[in-house]
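For reference, the structure is listed below as structure tokens.
The values are calculated or read from the model by the stated rules, or taken from the named source; none is laboratory data. All of these numbers come straight from a predicted model, not from anything done at the bench. Counting neighbours? That spans all protein chains shown, and the Cβs are built from the backbone with ideal geometry, glycine included.
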Amino acid sequence: MDSSDYPASVLLNIADDLLQGEIALKSSNPDMAASHFGRAVEKQDSLPYMEPPFWYYPTRQSLGQALLKANRFVEAEAVYRKDLEDYPRNGWSMSGLASALERQGKMDEAKEAKAAFAIIWAKVDVKINGSRR
């Protein structure tokens, strides 16, 4: 139940949109996944500021991934750039931005994005896209 200090229904709806998006991705329907993830982003954006945040990770990461899989590279670039405004050192969004730029043939910008990612991700033990880049 919602209260003035905890938006439970919004959080449950974000979780549902993300789940439906993941199911669509696994079903090879990235456009449908992007639709679900887009709704999750809108709902997350509606949440009030809170520390720690009500939702634990930036849902734009999921939206960007679906847009890349749907070959919607310009949209993916915009999503990742917006996410990096809010979370400047988000490695997943930095990596996604580099991929979106590469796939558009923006090689100089992609090289810059990869260099920034390499600095941020230099000492982590989590792989993105199967590699540490």
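At a glance:
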item	result
Of residues in region 78-95 being in a loop (DSSP other than H, G, I, E, B) and not basic (Lys, Arg), the one surrounded by the most Cβ atoms within 10 Å (Cβ to Cβ)	Asn90
Filter result for the condition that a residue is under 16 Å from the mean Cα position of the chain (by Cα), part of a helix (DSSP H, G or I) and not aromatic (Phe, Trp, Tyr), over Leu12, Leu18	Leu18
Residue pairs meeting the criteria (Cβ under 9 Å; at least 6 apart or on separate chains; first under 20 Å from Pro58 (Cβ atoms) and at pLDDT 95 or above, in region 18-35; second outside any helix (DSSP H, G or I) and not hydroxyl-bearing (Ser, Thr, Tyr))	Pro30/Ala70; Pro30/Asn71; Pro30/Arg72; Ala33/Ala70; Ala34/Ala70; Ala34/Arg72
Count - residues of region 6-59 that are more than 20 Å from Asp86 (Cβ to Cβ), touching a Gly at 6+ places or on another chain (Cβ under 9 Å) and of a type in the set (A, V, I, L, M, F, W, C)	2
Residues of region 96-112 satisfying the condition of being surrounded by fewer than 18 Cβ atoms within 10 Å (Cβ to Cβ) and assigned to a helix (DSSP H, G or I)	Glu102, Arg103, Met107, Asp108, Glu109, Lys111, Glu112
